[in-house]
């Protein structure tokens, strides 16, 4: 399966997790690429690839800085996303319970509104917990890959 991992980050944590996800998927035999959301054109979504979105939350539940250009381009000319399948792994801190992992939810809402289908469980990492983000993401990934292959 061809997998594109997209990340939006403020401090670099999402990028690290995205690279770990890509490495793990690659070692399982999948062809993977990784893009910072600011470098990905929303018009380039294709049904021949599966997308894993890793996105942190900034400020009051907002998108992180590297996701803002993508969101602006997406909103200016929303792509038709019928046939697009994706998974989401959000980063946040439950200390801010009302805005926890909200950054990733902004992207999820955009994708589903344009006809894309999220598969598998919504992954989340809580910065208030003891687990490392990559450990949580890599434990989440096998279920996502299985769901993507079945979808």
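Quickly rank 133-144, 72-83, 15-26 as a protection proxy: mean count of other C-beta atoms within 10 Å, highest first.
15-26, 133-144, 72-83
Given points 7 Å out from each Cα along the Cα-Cβ axis, report the residue 43 to residue 26 separation in nanometres with one decimal.
2.9 nm
Stretched out fully, how many nm does the piece from residue 131 to residue 82 gain, at 0.36 nm a residue minus the Cα gap?
Gain on extension, residue 131 to residue 82, equals 14.1 nm.
Would you please give the FRET efficiency between residue 149 and residue 112, computed as 1/(1 + (r/R0)^6) with r the Cβ-Cβ distance and R0 = 25 Å, to the nearest 0.05?
Efficiency for this residue pair is about 0.75.
Can you work out D for the range 73-151 in µm² s⁻¹ from Stokes-Einstein, where Rh is the Kirkwood radius over C-alpha pairs, the temperature is 37 °C and the viscosity is 0.692 mPa s?
240 µm²/s
Using the eigenvalues of the Cα gyration tensor, what equivalent ellipsoid semi-axes result for the chain when each is taken as the square root of five times the eigenvalue, whole Å, largest first?
Equivalent ellipsoid semi-axes, largest first: 21, 19, 13 Å.
Taking the Cα centroid of the range 113-132 and of the range 54-86, what is the distance between the two, rounded to the nearest whole Å?
Between the Cα centres of the range 113-132 and the range 54-86 lies a distance of 14 Å.
Once you order the gyration tensor axes a ≥ b ≥ c over the Cα atoms, which shape class does the range 46-112 get: rounded for a/c under 1.5, otherwise prolate or oblate by comparing a/b with b/c?
Prolate is the answer for the range 46-112, as a/c is 1.5 or above and a/b outweighs b/c.
Going by how many other beta carbons lie within 10 Å of each one, how would you line up 54, 119, 5, fewest first?
Values: 54 31, 119 19, 5 25.
With the fewest neighbours first, 54, 119, 5 line up as 119, 5, 54.
What is the antiparallel percent of DSSP beta bridges lying wholly in the chain, to the nearest 5? Working shown, then result.
Numbers: 1 of 25 bridges.
For the chain, the DSSP antiparallel bridge percentage is about 5.
Values quoted throughout were computed directly from the atomic coordinates according to the rules given, and no laboratory measurement underlies them. Remember, it's a predicted structure, so these values are computed and weren't measured experimentally. Positions of Cβ are backbone-derived with ideal geometry, glycine not excepted, and every protein chain shown enters the neighbour counts.
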